[in-house]
Amino acid sequence: MQRILKERDRLLRRAVQAAGLTGSATTLACLLVPGGLEADARLWAVVLVLFLAAGQYLLGSTGALRWAVLTVLSGVAIILIVGFASHPGVPPNLIEESVIGMVSTAPVCAVAAVLLTSLRRLLLLVFFFILTISSVAVVTVDAPDRTVLLALTLSMWLAFTLASWWIAQSVPRVMHRIAAIGRAHRAERHASELEAQRRQDARLLHDTVLATLTLLAHSGVGVSPNALQKQAGDDARLLRQLRLGGLPTPSRSGVYSLEAATALTLGDTLDAVRQRFERMGLTVNWHGSGQVQLQSTVLDSFLLALSECLENVRRHSGVNHADVTITDDDTTVRAMVTDTGVGFDLGQVGSERLGVAESVIARLRDVGGNARLFSSPGAGTTVVLEVPK
């Protein structure tokens with residue numbers, strides 16, 4: 001917040017500098033018009049314009065009050081010299097009125113932009129306004145355009161003050177809104193992280209504990225006691241680690257550990273998948289090359305989705321063998337899992353089914369991949385898994 005307030009003050013100072021220097025340049029141009037002022041008055045006025053411009057520049061650069069005082073006093077001195085010393089006893093001519101009107105507006109009243117940030121500065125602003133409007137009123141007593149000059153001075157002071165006040169008040173409001181948006185973003189991100197963790201936990205339980213419980217519910221039909229015991233032991237160790245606060249990272253399909261996964265070659269892990277399902281009574285025939293390098297997170301998701309497809313073959317197809325074909329090109333690695341089992345009607349499978357929706361499709365989409373499913377009753381099932389390299 002402090003940094004934003006500093007930027008606000010810098011913006012206001014730059015506004016003072018730009019408006020003031022522009023007005024000073026215009027005033028100097030009016031002073032140099034031949035025949036407009038007496039020579040001595042012109043000389044003093046030109047010198048004071050230089051002081052006026054210097055004060056505006058330094059005020060815009062530093063914001064120090066002494067430069068605001070220099071700016072206003074130089075402007076008031078120019079007004080008094082032009083009004084009284086140029087043609088004594090004679091009403092101001094057009095050039096003199098132009099100089100008075102120019103100095104009393106942009107060059108002097110621009111200081112209002114930096115005098116709204118504290119009570120002391122506000123009091124100084126009121127004093128400067130009274131001093132300026134009084135000097136204009138005094139030197140234009142006999143001027144034909146006195147009302148216009150006074151109205152112009154008053155309106156410009158009011159315009160600069162209101163514009164600067166609006167900027168000064170708007171910045172804190174904007175900052176509060178930005179802070180509120182930031183809080184809402186953090187809350188939404190936290191909720192998204194919780195939802196992602198919930199989905200990950202659901203996938204984890206589905207791939208491990210629920211799979212083991214399903215085997216137990218069916219009395220371990222088709223699975224050797226040793227394989228069932230090993231799988232239950234893996235699940236028990238995983239749950240123990242979770243209770244201790246560990247974050248599970250899949251090191252290979254069907255097995256989780258707390259060690260960070262590293263980049264692996266696909267061929268180094270397919271054998272673990274094959275051995276696992278052979279212990280569970282499913283023969284997997286592998287085709288194609290397995291020597292493909294994948295990022296660890298992509299490889300983990302790919303293998304776990306592949307494992308879930310083979311688990312579905314083992315549970316639901318009615319056959320004890322499946323074919324897996326691994327192919328790749330410049331950008332994508334594909335696995336096609338095929339069985340010749342009973343198949344099913346895709347229209348009768350709800351999209352909310354956890355095994356398909358979470359352990360396969362959502363898992364691959366999380367790493368930029370995709371899954372496609374083809375099946376019909378009596379014609380077996382084919383699943384195509386795709387992940388980016």
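The table for this structure:
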{"item": "Approximate shape of the stretch 50-133 as ellipsoid semi-axes (Cα gyration tensor, √5λ), whole Å, largest first", "result": "26, 13, 9"}
{"item": "Most to least packed among 382-389, 306-313, 152-159 [average Cβ atoms within 10 Å]", "result": "306-313, 382-389, 152-159"}
{"item": "Extension gain from Ala184 to Trp286, taking 0.36 nm per residue of separation minus the Cα-Cα distance", "result": "31.8 nm"}
{"item": "Shape category assigned to the stretch 67-196 from the gyration tensor of Cα positions, a/c cut at 1.5", "result": "prolate"}
{"item": "Expected-Rg normalisation [2.2 N^0.38 Å, Cα atoms] applied to the stretch 98-169", "result": "1.12"}
{"item": "Intensity falloff of the stretch 262-388 expressed as log10 I(q)/I(0), Debye formula with alpha-carbon point scatterers, at q = 0.11, 0.17, 0.18, 0.22 Å⁻¹", "result": "-0.34, -0.84, -0.95, -1.39"}
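Taken together, the values in this text are just the output of simple stated rules run on the coordinates, not laboratory data. Only a predicted model underlies this, so the values are computations on that prediction, with no experimental measurement involved. Every residue, glycine among them, receives a Cβ derived from its backbone with ideal geometry; neighbour counts consider all protein chains shown.
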